[in-house]
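The values are calculated or read from the model by the stated rules, or taken from the named source; none is laboratory data. Predicted, not measured: the structure shown is a model, and the values here were computed from it. With ideal geometry, Cβ positions are generated from the backbone for all residues, glycine too; neighbour counts draw on all protein chains shown.
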Amino acid sequence: MYTLCHNHEVIDAARLEPPPPAVACRGLQKRYGDVVAVAGLDLEVRRGECFGLLGPNGAGKTTTIEILEGLLAPDAGEVEVLGLRWGRHARALRQRLGIQLQETQLSEKLTVEETIRLFRSFYRRGPSVDEVIQLVELESKRGSRVGKLSGGQRQRLSVACALVNQPEVLFLDEPTTGLDPQSRRHFWDVLRAFRSRGGTVLLTTHYMDEAQSVCDRVGIVDQGRIIALDTPEALVRGLGEAGKTLEDVFVALTGRHLRDD
Amino acid sequence: MTDRGGAFHPVIELTLARLREFLREPEAVFWVVFFPVLLAFALGLAFSGSGEPEIHVGLIPGQGDARAREALLSVPGLVVHDLSPEAADRALRDGEVALVVRPGSPPEYRFDPVREESRLARFAVDDALQRAEGREDRFEPRIERVEIPGSRYVDWVIPGLLGMNIMGTGMWSLGYAVVYARSRRLLKRLAATPMSRVHYLAAQMLARLVFLGLEVGALLVFARLVLDVPMAGSLVLVSALAVLGALAFAGLGMLVASRARTIEAVSGWMNFTMVPMWVLSGVFFSSAHFPEVTQPLINALPLTALNDALRAVMLDGAGVQGVAGEGAILTVWTVGCFGLALRLFRWQ
């Protein structure tokens, strides 16, 4: 964009200041009645990285990501996505983001192609409908009704809907929960392809192996706060002899007792 | 030209999506298109038949019952049932007979005067028994049977059915679709895109107008060809009124569905809104039956406005000026409901 600009001052300013982080929030708070879902959370996701939010059920992951996506208003705290605020720049921001929600059921009566066309129509730029279908390898299911798809195929369609505008930041809330190993690996491939074109990813997950294999950095969330934040390797190393995997780190930090939603 | 990667404008894509959802639900097509026609057919059979409707009368055995029976049977259309006193009470309650005669001097008539057919039966029975006792008629009136199209009950009820359908499918198709999408978190997913909320609501309305063409067309063609219901006024004006009515009820449906999270909740509110109008707005019987003080309220209801306007055009050949008041009422409902729905609408 800057190369097309003839105003030299703007170019200089752009050179001096690093681009704003993909996502940044400070002092995020959200409560539902007596329940504190998010208790003063700070976070910064850099451009081009894949950041994973890990945590037990009820830790506040979904509330956090939905606040960052501009779908929930925080009680306190500040959010900036691509240097913009939700209040003033919502429409412009939505053009540049891709969002996959937990448990969205797309319309069962529409076909794969019709669903992608519908979502594509909301955006001013991005790949063609055919390219999106190829991206998630649903060519053979193009004319199938959503109601007839398997769990893995539905998930691919849901990712496709989040990719129709070639977003700069992709938000994924538990994208692989309930999927078989093949579907999960396929999904990781789609993620890698997205990142190879410079895209930023923020995802939440329960799966430690997923975080370890796709995330550059992970933040472990418990009781509405980030209690650890680093690369998966550094977190495992930090545990010394007791740690072999990210799962050991997770259990060591969040305890062994069962969590209910 | 905006790059949409091969997709149409969002309003078109949203409308197409809604139409596809509808057409791929065979039951929905049945309720919207065939059910109104079936209902009209049933009413047509019931009310457009030639010949006089029969009057069923119960007769309790007693002194002089043979003579009474003979007198009653001489009246065309009167059907006599011999009943024990207990059976007679039951038959009266269930509406199997309109009146029960207990012979004697004088004979006793048992009936509920609130029921119209019972009042009719009283006069028919009384006339027959009085004549049998020797009463003389002073004159024989000249009878002219009115069976010309346009003045039968079925002619009056078809515009009411049309209005009722425009209300029912308008509110259900919108309310159901919106709440279904909300309960599946699809609305929330759409709210996460740059989709304009006005585009979404507009597409629901547009899709509604396509269904409207189907249902109104089917009912009007059937009423015209099979029941011989007249069209005194302009078909264009009837169509315009149907569109105006559909928009008003789409708005009302959107308002009712604007916050409900479950299908059960929205169903309750839908019935709460529609049932009073079925009763009050002159679908099957004239709203003139209700007390005078309630009339301004009844006339302000959207279904009353729509039914009155449709009847005025179809039966009396009213022009645009004749239905301007009703048109204004429908417009106010449309604008008011949509404005309010847009403010209250819950996307998650």
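Each residue in the stretch B:3-41 was checked for being on the phi < 0 side of the Ramachandran plot and either within 14 Å of another protein chain (Cβ to nearest Cβ) or of a type in the set (D, E, K, R) (or both), and 25 pass.
Checked against (1) more than 9 Å from every other protein chain (Cβ to nearest Cβ); (2) surrounded by fewer than 22 Cβ atoms within 10 Å (Cβ to Cβ); (3) of a type outside the set (Ser, Thr, Tyr), A:Arg91 passes all but condition (1). Just to be sure before I move on: is B:Gly62 surrounded by 13 or more Cβ atoms within 10 Å (Cβ to Cβ), without any contact (Cβ under 8 Å) to a residue 24 or more places away in the chain and over 37 Å from the mean Cα position of the chain (by Cα) in the structure I sent? Taking the combined requirement at face value, the residue does not satisfy it. Of the residues making up the stretch B:79-121, those that are crowded, with 19+ Cβ neighbours inside 10 Å and more than 18 Å from B:Pro61 (Cβ to Cβ) are B:Ala98, B:Phe111, B:Ser118, B:Ala121.
All but one of (1) within 14 Å of chain A (Cβ to nearest Cβ); (2) under 25 Å from the mean Cα position of the chain (by Cα) hold for B:Gly44, so report the exception by its number. The single condition B:Gly44 does not satisfy is (1).
Would you confirm whether or not the stretch A:156-173 contains a residue that is among the polar types (S, T, N, Q) and away from chain B (no Cβ under 12 Å)? No, the stretch A:156-173 contains no residue that is among the polar types (S, T, N, Q) and away from chain B (no Cβ under 12 Å).
I need the helices (runs of 4 or more DSSP H) fully contained in the stretch B:275-348, keeping only those with at least 2 residues that are in contact (Cβ under 8 Å) with a residue 60 or more places away in the chain. Answer list for the stretch B:275-348: B:302-316, B:324-344. Of all the criteria given as (1) aromatic (Phe, Trp, Tyr); (2) under 17 Å from the mean Cα position of the chain (by Cα); (3) closer than 20 Å to B:Arg346 by Cα, the one not satisfied by B:Phe272 is (3).
Among the residues of the stretch B:176-221, those that are of a type in the set (Gly, Ala, Ser) and within 20 Å of the chain's Cα centre (by Cα) comprise B:Gly213, B:Gly217, B:Ala218. The one condition from (1) surrounded by 15 or more Cβ atoms within 10 Å (Cβ to Cβ); (2) closer than 25 Å to B:Trp347 by Cα that A:Gln153 does not meet is (2). Looking across the stretch A:224-244, the residues that are modelled with pLDDT under 90 and out of contact with any helix residue (DSSP H, G or I) (no Cβ under 9 Å at 6 or more places or on another chain) come down to A:Ala234, A:Arg237, A:Gly240, A:Glu241. Given the conditions (1) crowded, with 18+ Cβ neighbours inside 10 Å; (2) within 13 Å of chain B (Cβ to nearest Cβ); (3) out of contact with any Gly (no Cβ under 6 Å at 6 or more places or on another chain), and given that A:Met208 satisfies all but one, which numbered condition is not satisfied? All conditions pass for A:Met208, except number (2).
Select from the stretch A:211-238 the residues that are within 17 Å of A:Glu49 (Cβ to Cβ) and part of a helix (DSSP H, G or I) and list them in ascending order. Once the filter is applied, which keeps residues that are within 17 Å of A:Glu49 (Cβ to Cβ) and part of a helix (DSSP H, G or I), the stretch A:211-238 yields A:Ala211, A:Gln212, A:Ser213, A:Val214, A:Pro232, A:Glu233, A:Ala234, A:Leu235. Flag: B:Val198 matches the condition of being surrounded by fewer than 24 Cβ atoms within 10 Å (Cβ to Cβ), within 14 Å of chain A (Cβ to nearest Cβ) and not charged (D, E, K, R).
Restricting attention to the stretch A:123-150, and to residues there that are without any contact (Cβ under 8 Å) to a residue 24 or more places away in the chain and in a loop (DSSP other than H, G, I, E, B), which single residue is farthest from the other protein chains (Cβ to nearest Cβ)? Taking the candidates together, the pick is A:Ser150. Of all positions in the stretch A:94-115, at least one carries a residue that is within 13 Å of chain B (Cβ to nearest Cβ), free of Cβ contacts under 8 Å to residues at least 24 places away in the same chain and not in a loop (DSSP other than H, G, I, E, B).
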